[in-house]
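The values are calculated or read from the model by the stated rules, or taken from the named source; none is laboratory data. What you see is a predicted model, and the numbers here were worked out from it, not measured in a lab. As a convention, Cβ positions derive from the backbone with ideal geometry for all residues, glycine included, and neighbour counts pool all protein chains shown. Protein only, heavy atoms only, side chains kept; ligands, DNA and RNA dropped before computing areas. Shrake-Rupley method; radii C 1.70, N 1.55, O 1.52, S 1.80 Å.
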Amino acid sequence: MLLKKHLDNFLKGESGLRVFFPLCGKAVEMKWFADLGHSVIGVEISELGIREFFMEQNLSYSEEPITELPGAKVFKSSSGNISLYCCSIFDLPRANIGKFDRIWDRGALVAVNPSDRGRYTDIMLSLLRKGFLYLVSIFSYDPTKFEGPPFYVPDSEVQTLFGTKCNIHCLEKVDAIEKRKNAGTDYFFEKLYLLTER
């Protein structure tokens, strides 16, 4: 897995970081980061996904309503270092969640409707502290043969979305066709970008 390979690059040996997981689902990496002593905050629209994460990771948790957002909840691990907001990323009460040292975006940018990408990126950039590192994974394939999701994000668009605020480094490109054999496309690559403060 690409994150494991580049973890040292991402964490830089720092401790007590605040790490944000947009559209987190039940990503196991949230538990890894928490176990390393970092604070993890995620947002996920599916309450079922959040509950399954805590069950599968064998973590006890509490839930409370988010007062500013009727119907939304936040689920917190009993240890206090994982908080998962159950709401749309676009409704996230940003004032509540503060700023982050790291963002791990695997499967979020590529899941957002292409017409919402600008709005999504604005939210992500607004959540970053000085000195941040932002890892984003995108997929590259022939968009005439497969429509997504995961949606195709060309390199030029990564530049357009993030280039004004971030330096963009492509850390790795790996063949991921195995994951998408049925997509009908001849090639399918996963690319991992590291975004740093300009």
Practice task
Select, from LEU161, LEU171, LEU127, LEU133, the only residue that is in contact with a strand residue (DSSP E or B) (Cβ under 6 Å, 6 or more places away or on another chain), among the aliphatic types (A, V, I, L, M), on the phi < 0 side of the Ramachandran plot and open to solvent by 20 Å² or more (accessible area, probe 1.4 Å).
Solution key: LEU171
Exercise for the section: Name the single residue, out of those in the stretch 86-118 being outside any loop (DSSP other than H, G, I, E, B) and out of contact with any Phe, Trp or Tyr (no Cβ under 8 Å at 6 or more places or on another chain), that is farthest from VAL19 (Cα to Cα). Expected result: SER115
Handout entry: In the stretch 34-85, the residues that are of a type in the set (A, V, I, L, M), free of Cβ contacts under 8 Å to residues at least 40 places away in the same chain and part of a helix (DSSP H, G or I)
Key = LEU48, ILE50, MET55
Problem - Residues within the stretch 174-198 that are of a type in the set (Gly, Ala, Ser) and surrounded by fewer than 15 Cβ atoms within 10 Å (Cβ to Cβ), tallied - result: 1
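Taking the options PHE21, PHE90, name whichever one is aromatic (Phe, Trp, Tyr), open to solvent by 40 Å² or more (accessible area, probe 1.4 Å), touching a residue at least 12 places away in the same chain (Cβ under 8 Å) and under 27 Å from LYS130 (Cα atoms).
On inspection, the qualifying residue turns out to be PHE90.
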Handout entry: Given (1) open to solvent by 20 Å² or more (accessible area, probe 1.4 Å); (2) under 20 Å from ILE66 (Cβ atoms); (3) out of contact with any Cys (no Cβ under 7 Å at 6 or more places or on another chain), index of the condition LYS12 fails
Key = (2)
Handout entry: Selected residue (criterion: farthest from the chain's Cα centre (by Cα)) from residues of the stretch 69-79 that are surrounded by 11 or more Cβ atoms within 10 Å (Cβ to Cβ) and within 16 Å of ILE89 (Cα to Cα)
Key = LEU69
Problem - Residue check, VAL158 within 30 Å of ALA34 (Cβ to Cβ), among the β-branched types (Val, Ile, Thr) and in a loop (DSSP other than H, G, I, E, B) - result: no
Problem - Residue check for TYR141: at pLDDT below 95, out of contact with any Lys or Arg (no Cβ under 6 Å at 6 or more places or on another chain) and on the phi < 0 side of the Ramachandran plot - result: yes
Practice task
Report yes if VAL74 is β-branched (Val, Ile, Thr), at pLDDT 95 or above and touching a Ser or Thr at 6+ places or on another chain (Cβ under 6 Å), otherwise no.
Solution key: yes
Practice task
Could you pull out the residue among LYS130, LYS191 that is part of a strand (DSSP E or B) and closer than 17 Å to ASP105 by Cβ?
Solution key: LYS191
